[in-house]
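A.B. asks: I have a structure I would like to understand better, so I am pasting it below and will then ask my questions one at a time.
The values are calculated or read from the model by the stated rules, or taken from the named source; none is laboratory data. Source: prediction; values computed, not measured. Backbone-built Cβ (ideal geometry, glycine too); neighbour counts: all protein chains shown. Note: areas computed on protein heavy atoms with side chains; ligands, DNA, RNA excluded. Shrake-Rupley method; radii C 1.70, N 1.55, O 1.52, S 1.80 Å.
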Amino acid sequence: MDTRVNIFQTQPEAYKAMFGLEKYIASTSLTSTHKELIKIRASQINGCAFCINMHTADARKQGETEQRIYLLNAWKETTLFTEEERVILEMTEEITLIQKNHLSDATYAKAKSLFTEDYIGNIIMMITIINAWNRIAIATELAVN
């Protein structure tokens, strides 16, 4: 198999901009748990092995349990996730699969009942950022180490 383009080398300014988004999201009030749940779930939906591997390892380092990681793709069928986490996961699915139903009014209303507009904005930005990273990793076939 041919090696695909290394975006970091060929597009360093684009990578710098992406890392700027990462730096920004790190400065927000979005909790580490919320960030990692978004990153893992979007990466599962997109089928990004590189990102799933990276973010499950990061989540474990931050204290996430194996059970919750294993059941994340079936979160609707468990009671392991808080109401806030469930809304964030629902937003992650709807925004990642935006072509299906968009971010529904019902889901947005649930988010508004639990979070400030600022926090909702941070959730949307995190979902957007990880979806961009997933697309880069998949398109360039980044290898899982």
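A.B. asks: Taking Cα extents along the principal axes in Å as the quantity of interest, determine which of [x] 47, 31, 30; [y] 54, 35, 24; [z] 42, 36, 32 was computed from the displayed structure.
C.D. replies: Among [x] 47, 31, 30; [y] 54, 35, 24; [z] 42, 36, 32, the one derived from this structure is [x].
A.B. asks: Skip the ligands, DNA and RNA, and give the accessible area per residue of the chain with a 1.4 Å probe, whole Å².
C.D. replies: 57
A.B. asks: Could you state the orientation-averaged shadow area of the convex hull built on the Cα atoms of segment 28-83, in nm² to one decimal? Before the final figure, lay out each step's value.
C.D. replies: Working: hull surface 16.2 nm².
For segment 28-83, the mean projected area of the Cα convex hull comes to 4.1 nm².
A.B. asks: So, one more: For segment 5-22, what does the Karplus curve 6.51 cos²θ - 1.76 cosθ + 1.60, with θ = phi - 60°, yield as ³J(HN,Hα) per residue in whole Hz, taken in order and with x for Gly and Pro?
C.D. replies: My calculation for segment 5-22 gives 3, 9, 4, 4, 7, 7, 10, x, 5, 5, 4, 4, 5, 4, 5, x, 5, 4 Hz in order.
A.B. asks: Which entries in Lys61/Lys100; Lys76/Lys112; Lys16/Lys112; Lys16/Lys110; Lys16/Lys100 show an alpha-carbon gap greater than 24 Å?
C.D. replies: Details: Lys61/Lys100 34 Å; Lys76/Lys112 20 Å; Lys16/Lys112 32 Å; Lys16/Lys110 35 Å; Lys16/Lys100 31 Å.
Among Lys61/Lys100; Lys76/Lys112; Lys16/Lys112; Lys16/Lys110; Lys16/Lys100, the Cα-Cα distance tops 24 Å for Lys61/Lys100; Lys16/Lys112; Lys16/Lys110; Lys16/Lys100.
A.B. asks: Based on the mean of other beta carbon atoms within 10 Å per residue, what is the order of 120-130, 52-62, most packed first?
C.D. replies: Highest to lowest by the protection proxy: 120-130, 52-62.
A.B. asks: To the nearest 10 Å², what's Leu103's accessible area with a 1.4 Å probe?
C.D. replies: Its heavy atoms expose roughly 40 Å² to the probe.
A.B. asks: Compute from the Cα atoms of segment 1-56 the Rg and the Dmax, the latter being the longest Cα-Cα distance, and quote both in angstrom.
C.D. replies: Using the Cα atoms of segment 1-56, the pair Rg, Dmax is 13.6, 43 Å.
A.B. asks: Any chance you could list the semi-axes, whole Å, largest first, of the equivalent ellipsoid that the Cα gyration tensor gives for segment 62-129, using √(5λ)? Write down the numbers at each step before the final one.
C.D. replies: On the way: eigenvalues 82, 39, 30 Å².
Over the Cα atoms of segment 62-129, the ellipsoid semi-axes are 20, 14, 12 Å.
A.B. asks: If you don't mind, there's one more thing I want to ask. Under 20 Å from a point 7 Å along the Cα-to-Cβ line of Tyr15: which residues of segment 116-137 have their amide N that close?
C.D. replies: It comes to 129-137, nothing else.
A.B. asks: When the accessible area of the chain is split by element with a 1.4 Å probe, what percent falls to carbon and sulfur? Spell out each step's value before the answer.
C.D. replies: Values: 4620 of 8330 Å².
Carbon and sulfur: 55 percent of the exposed surface of the chain.
A.B. asks: How much net charge surrounds Ile120 when only other residues with a Cβ under 14 Å from its Cβ are counted (Lys, Arg +1; Asp, Glu -1)?
C.D. replies: Taking every Cβ under 14 Å from that of Ile120, the sum is -4.
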